[in-house]
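**Student:** Let me begin by handing over the structure; questions about it come next.
The values are calculated or read from the model by the stated rules, or taken from the named source; none is laboratory data. Note that this is a predicted model, so its numbers are computed, not measured. Cβ coordinates were reconstructed from backbone atoms using ideal geometry, including for glycine residues, and neighbour counts include every protein chain displayed.
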Amino acid sequence: MARTKYIYNPETCRYETYYVRGKTLRKRVLIFISTALGLAIATCSFYVKKVGSFDEMRLTQKNILLKTEWHLLEDQIAKSNQHLQELIEKDDHNYRIILDSHPLTPEIREAGIGGSEKFDTKILKHYPYLLSGYTRAEKLKHQLDVEVQSFEELSKMMEERVEMWASRPAIQPISNKQLDNLHLTYGSRFHPILKIYREHKGLDFTAEKGTPVYATGDGEIAMAYFSDSYGNVIYLNHSYGYETRYAHLSAFAVKPGDKVKRGQVIGYVGNSGTSVSAHLHYEVLYKGQHANPINFFQRDLNNKEYEKLIEIGSQQDRPLD
Ligand SMILES: [Zn+2]
């Protein structure tokens, strides 16, 4: 509460309340307003000079935020680039070597990098920091596009290889886990019935009549018929140049045109045609030429088993047809 002032009135011989009026009042009001304005201006000037305007403060804060985001973005670009380089390394030096393909050349990987049509370098050249970041991001995107195309190509190659591997004759045509049913009789041999030397273009597997005979690779049955020499015989076309034949069967489990998978039963061991006892005569042809089937058993034999097969088969070199 303002303090009340008193003044002595000689006329009334009393102290009376003092009120500021007229010039004095106006003077004091002016002094008050001037002082207040002066203080306000001084405070404002100090604030603008030392702290900055509100717009500047807002911009400064936004700038800090943008810089933080930019650093995070650059960090992400660097990490993504590292992952991509690891993928490229695997692509060139693992996957393509396994698939007998050549690594992509640097010309293919770098082609198109450096184009500026995607962003306006005229503007960005004034901001080298930004231009550098955009260039790195653009290069990463291009390399990624190339790598995506490369992986699509690898995927197609892999599908073809899987189909080819599935088609290749690669197992024994009958169950021969003891490896003692094979007669290694490929080449010129004395025919037990015709009593002449002639080329024996397959391998013989002894087995009881009715033993299941398996397709040694995926393919399509080309023929299943009776031949005077082969007896009941199946011709299996595997594509990719491979063909297998299964002779002297007692019965068929398939007919011409059937699609079969490796390991599927296609017939049964017999003694039909020019054969001295129940057995399977098995042939492999590649591009129309006979090949020794022994070279196609890797799939279900390890090295020791393969050596044992050769050893036992060599002791049983008498052809059965
Ligand atoms: Zn034979």
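**Student:** If you take the residues of segment 191-210 that are away from the ligand (no atom under 12 Å from the Cβ) and within 21 Å of H290 (Cα to Cα), which of them is modelled with the lowest pLDDT?
**Tutor:** Here the residue is I196.
**Student:** Then there's this: Just need a number here: residues in segment 273-291 that are assigned to a loop (DSSP other than H, G, I, E, B) and within 16 Å of the ligand (Cβ to nearest atom).
**Tutor:** Selection size over segment 273-291: 6.
**Student:** Could you identify the single residue in T24, T12, T4 that is assigned to a helix (DSSP H, G or I) and hydroxyl-bearing (S, T, Y)?
**Tutor:** Answer to the check: T24.
**Student:** Test S250 against the stated conditions and say whether it is surrounded by fewer than 16 Cβ atoms within 10 Å (Cβ to Cβ) and either within 24 Å of I196 (Cβ to Cβ) or in contact with a strand residue (DSSP E or B) (Cβ under 9 Å, 6 or more places away or on another chain) (or both).
**Tutor:** No; evaluated as a whole, the condition is false for this residue.
**Student:** Confirm whether I294 is within 16 Å of the ligand (Cβ to nearest atom), at pLDDT below 95 and outside any loop (DSSP other than H, G, I, E, B).
**Tutor:** So I294 passes the test.
**Student:** Next up: Under 9 Å between Cβ atoms, which residue pairs at least 6 apart in sequence (or on different chains) link something in segment 275-296 that is more than 13 Å from L236 (Cβ to Cβ) and in contact (Cβ under 8 Å) with a residue 24 or more places away in the chain with a partner that is away from the ligand (no atom under 14 Å from the Cβ) and in a helix (DSSP H, G or I)?
**Tutor:** I294/Y306; I294/L309; I294/I310
**Student:** Out of all the residues in segment 254-274, which are small (G, A, S) and over 19 Å from Q172 (Cβ atoms)?
**Tutor:** G257, S272, G273, listed by residue number.
**Student:** Is segment 233-243 home to any residue that is within 16 Å of the ligand (Cβ to nearest atom), over 18 Å from E163 (Cα atoms) and crowded, with 21+ Cβ neighbours inside 10 Å?
**Tutor:** Checking segment 233-243: at least one residue is within 16 Å of the ligand (Cβ to nearest atom), over 18 Å from E163 (Cα atoms) and crowded, with 21+ Cβ neighbours inside 10 Å.
**Student:** Moving on to the next point. Being under 17 Å from E107 (Cα atoms) and hydrophobic (A, V, I, L, M, F, W, C) is the filter here, so list the residues in segment 138-184 that pass it.
**Tutor:** L140, L144, V146, V148
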